[in-house]
1. Can you tell me which residue is surrounded by the fewest Cβ atoms within 10 Å (Cβ to Cβ) among those in segment A:132-152 that are in a loop (DSSP other than H, G, I, E, B) and either over 28 Å from the mean Cα position of the chain (by Cα) or among the hydrophobic types (A, V, I, L, M, F, W, C) (or both)?
2. Can A:LEU412 be described as among the aliphatic types (A, V, I, L, M), within 16 Å of RNA strand B (Cβ to nearest atom) and not in a helix (DSSP H, G or I)?
3. Scan segment A:803-823 and give yes if some residue there is in contact with a Gly (Cβ under 9 Å, 6 or more places away or on another chain), more than 12 Å from RNA strand B (Cβ to nearest atom) and in a helix (DSSP H, G or I), otherwise no.
4. So A:ILE430 clears everything in (1) buried (at least 17 other Cβ atoms within 10 Å of the Cβ); (2) within 15 Å of RNA strand B (Cβ to nearest atom) except one condition, right? Which one?
5. Exactly one condition in (1) surrounded by fewer than 19 Cβ atoms within 10 Å (Cβ to Cβ); (2) modelled with pLDDT of 90 or more; (3) farther than 29 Å from A:LEU686 by Cβ; (4) within 14 Å of RNA strand B (Cβ to nearest atom) is false for A:VAL787; which is it?
6. Of everything in segment A:622-635 that's surrounded by fewer than 21 Cβ atoms within 10 Å (Cβ to Cβ) and more than 13 Å from RNA strand B (Cβ to nearest atom), which residue is farthest from the chain's Cα centre (by Cα)?
7. Can you tell me which condition A:ASP550 does not meet? The list is (1) more than 30 Å from A:VAL385 (Cα to Cα); (2) assigned to a loop (DSSP other than H, G, I, E, B); (3) not small (Gly, Ala, Ser), and all the others hold.
8. I'd like to know if segment A:754-766 contains one or more residues that are within 16 Å of RNA strand B (Cβ to nearest atom), under 28 Å from A:GLU874 (Cβ atoms) and in a strand (DSSP E or B).
Amino acid sequence: MTLETPQQLPSAYDPASVEQRLYQKWLDAGYFTPTIDPAKRPFVVIQPPPNVTGELHLGHAQRATVEDALTRWHRMLGDAALWLPGLDHAGIATQVVVERELAAEGLTRHDLGREKFQERVWDWVGKSRGRISEQHRRLGVSCDWSREVFTLDPRPSRAVRHTFVNLYRKGLIYRGERIINWCPRCATALSDLEVEHRETDGNLYYIHYPLANGNGRLTVATTRPETLLGDTGVAVNPEDPRYAAFIGKDVVLPVLGRRIPVVGDEAVETDFGTGALKVTPGHDPTDFDLGERHGLPIVTVMHPNGAMNAEAGPYEGLDRFQARIQIVEDLQRDGLLELVEDHRHAVGHCQRCDQVVEPMVSKQWFVRIAPLAKPALDVVRDGTVRIVPERFTRIYENWMENLRDWCISRQLWWGHRIPVWYCGACDQEIVEYEDPDACPHCGSRDLTQDEDMLDTWFSSGLWTHSTLGWPDETEDLGYFYPTSVMETAHDILFFWVARMIMLGIENTGKAPFHTVFLSGLIRDVEGAKMSKTRGNVLDPLDAIDQYGCDALRFALTVGNAPGNDARLGASKLEAARNFANKIWNAARYVARAMEEADDLTGWSDPPAVHLEDRWIKSSLNRLVARVNRQLEDYQLGEAEQSIYEFLWSEFCDWYIEAAKVRIRSADGPSPVPMLVHVLETTLRLLHPFMPFVTEEAWSNLVARVPRERELAPSIMVAPYPVADASAFDDAAEDAIASVREAIRLVRNARAEFRIPPAQPLELLVDPGAPQSALEAEAPLIRALARVEPLRFLEGRDQLPTTGAATAVVGGAVMAIPLEGLVDIGAERMRLSGELADAQQALERLGARLSDAQFLEKAPEEVVERERDRQRATEERKARLQELLTQLSE
RNA sequence: GGGCGGCUAGCUCAGUUGGUUAGAGCACUUGCUUUACACGCAAGGGGUCAUAGGUUCGAGUCCUGUGCCGCCCA
């Protein structure tokens, strides 16, 4: 590749011409695949596998950026960094998507049959995978594509099979008639987590249940009157004086006329409704528990599709919502409906298809959760697993302490099939690692496999180890497990993270990672969740086309605190794009300075002799220290902010501008080696976040540099910067700060008095101190403030007393003679104001420093800092007073 | 009903062992074709950190109460 001259480089950074080329270069070099090396420390991130049928959205892009940044950082630290990508078959989500497609053709999955339907899904998967993969690559992710896994691949499927069999044999998986959440649209059971509760306007119906003996009646309140068809009791609180006498008697179920008992139970809330509760064990989870306590029978009144069944008597065949209307009418007719109230309450909806979910008793497979939850709780409590940000630890604990058994069977056709066979001859359940040919109990070949599929999250829960080869003792598993950081969105803490911890410990004996890093959700500018129906979805690829990958990555992560939701809009993307362009142009400038410099010797660690060099080197090393600290503490957004500020406001705004002055005058040591050094270091610091522009700029720099140290072939395998504390230089930083202040004051006066930028100004300075930084930096002040002549005075009495803009910087006094422009009275007013400020500050400082408590209790360095400030403020006050006296003469 | 989070400049947000005069981006005002960058440069305006108490030498930061907004769980 021939090196372009700096002049040939475009003046605006063009991401499109860089990104694909560099990504290919990294792929070809094999940087994304770590080598298993016992001498190295492994760093492992397992990617949360996106749904195979979905497209990546900005949330994925943000998480990918965080995961990539962590991986790139560790790779540069010299770790064996593995970021393992994958895809999730997403059972119910995918099935719903494909069923919708079928519905558009007027078909259901039953028209196709199980096999054809599965083929159809695989077709869809094939199309979708390519898109997801393309999106990921465009995001610049450095994941190891050679290890990419799909949840339905043979290896993870084997892990699913082994886990199921092991848990079954330990008695931790069982089949039973329990109350579950049923989606009539999807015709499948759902776990508690897959139900979304939404506040909905409904009614509360007060219904009379006459006593069987004809002496009165009980009135119950319900939001779902149609379920009374499945009532097998009425419950009241035994402490409730209104109803105590009813316990043990029978009431007559309206409409159906069935006799059902009244039972006493403490769980009944006396102040909800009438205080009497109809008990429907077949269609309500609390009633199920209650019914179990009192031995009440279970009656299920609905078909799986939500229509009423034979138990519903005259309502058989009606849809559940029609049945509700009909029953209410009938109750009214019979005079059994006391009243109907408006009532707002939470109604469960299917997470995937939004239908109202029906609690229903059904025969399903469950995981016994308590024995798994205990160790998973312990590892978080004892710090083996750290959750970032910390506040989610409590949320995790609360949830884990209140878990019900996990319903894992789904009446779907897409996913991992439940590995249980039933023998037609002896009726035994057969659960083996390999598919059985014959019944091990009776030898019969009349075997049928369970029709159901496993909850997707069952396989996801194994992801940290199934991707590395478990249950086999593979080299990958031995080296990379347990993994390091699990980064994911906080909304799947329970769905996924908790189950990974439970099943990771269960299968391997070890917690699957040491850190959980939870990201917030990405919202649109208005703060709304992005969704297709709202039409506010921003495709990551569009954003990349428009602003560039680095800009998107930066915009998605800069300044974000872990776990907090963030909004993204055009202005943030523009700011990020501008930053990429700033870096590009800084690099372009430095490259040009290099071409024109005679000697770049020492660039890799230039000695800091000149005050400006001492300052920038000190400042750079403080930045490096800070960024390392922030990364170690997972404050990625802050780290980016730090780099942004240094690069733009320190390096570009001041060091480069100062360097130009020195280069032009050819006076003193050349700043070019330092320019190269600072930029090269900062690019490495930033690379994990903005991989492309840093690589491109870095390559352009190092291609022009003498080989003073071994140079990596790519910034992504170059070492991450380490701070050199010996470069810290407070004196230089203070000195440059006062020079900057002086320049700012001159520019300020120029703006205030409307003096054209090109017109030089005379500046008189009484430096005050013998070794003033203002004197040392006179050329810089001349150039950046457009000062000519700049004269340093012997004594204050030489300062002009009229018609001058004046200011105090540290111990120095400056005056810009502006006869005829400056109103001396206004000038005096301004200085008096400053004097008053100084006086006020001194009073505060004096009070603090004379407080014995403060002196005794505050740390030494804080006291010392206050003393320094007091000294400086006193000096400033003295100078201001002198100046004012002079002006009033 | 229980829990969590937010309330900081016009807007969006940082601010992690409590320690300068509380920061950034965007927006705003003024002026600039200054040969790296107008995706830029310079100067500037703008905040009693929701509220009431408390702890402390010192509170945006810790504690308690209150108000509004959002989320999670039941």
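The values are calculated or read from the model by the stated rules, or taken from the named source; none is laboratory data. Here the structure is a predicted model, which means the values were calculated and not measured. Cβ: placed from backbone, ideal geometry, glycine included. Neighbour counts: every protein chain shown.
1. Quick first cut of segment A:132-152, residues in a loop (DSSP other than H, G, I, E, B) only: A:139-144, A:148, A:151-152.
If we keep only those that are either over 28 Å from the mean Cα position of the chain (by Cα) or among the hydrophobic types (A, V, I, L, M, F, W, C) (or both) too, we end up with A:139, A:141, A:143, A:152.
Numbers: A:LEU139: 25, A:VAL141: 24, A:CYS143: 24, A:LEU152: 19.
Filtering first and then ranking leaves A:LEU152.
2. Numbers: among the aliphatic types (A, V, I, L, M): yes; within 16 Å of RNA strand B (Cβ to nearest atom): no; not in a helix (DSSP H, G or I): yes.
No: the conditions fail for A:LEU412.
3. Checking segment A:803-823: not a single residue is in contact with a Gly (Cβ under 9 Å, 6 or more places away or on another chain), more than 12 Å from RNA strand B (Cβ to nearest atom) and in a helix (DSSP H, G or I).
4. Of the numbered conditions (1) buried (at least 17 other Cβ atoms within 10 Å of the Cβ); (2) within 15 Å of RNA strand B (Cβ to nearest atom), the odd one out for A:ILE430 is (2).
5. Looking at each condition in turn, A:VAL787 falls short on (1).
6. Checked segment A:622-635; the qualifying residue farthest from the chain's Cα centre (by Cα) is A:ALA625.
7. Result: A:ASP550 passes all but (2).
8. Step one: of segment A:754-766, the residues within 16 Å of RNA strand B (Cβ to nearest atom) are A:754-761, A:763.
Of the ones still in play, those that are also under 28 Å from A:GLU874 (Cβ atoms) are A:763.
In the following step, the residues that additionally are in a strand (DSSP E or B) were identified as A:763.
Yes.
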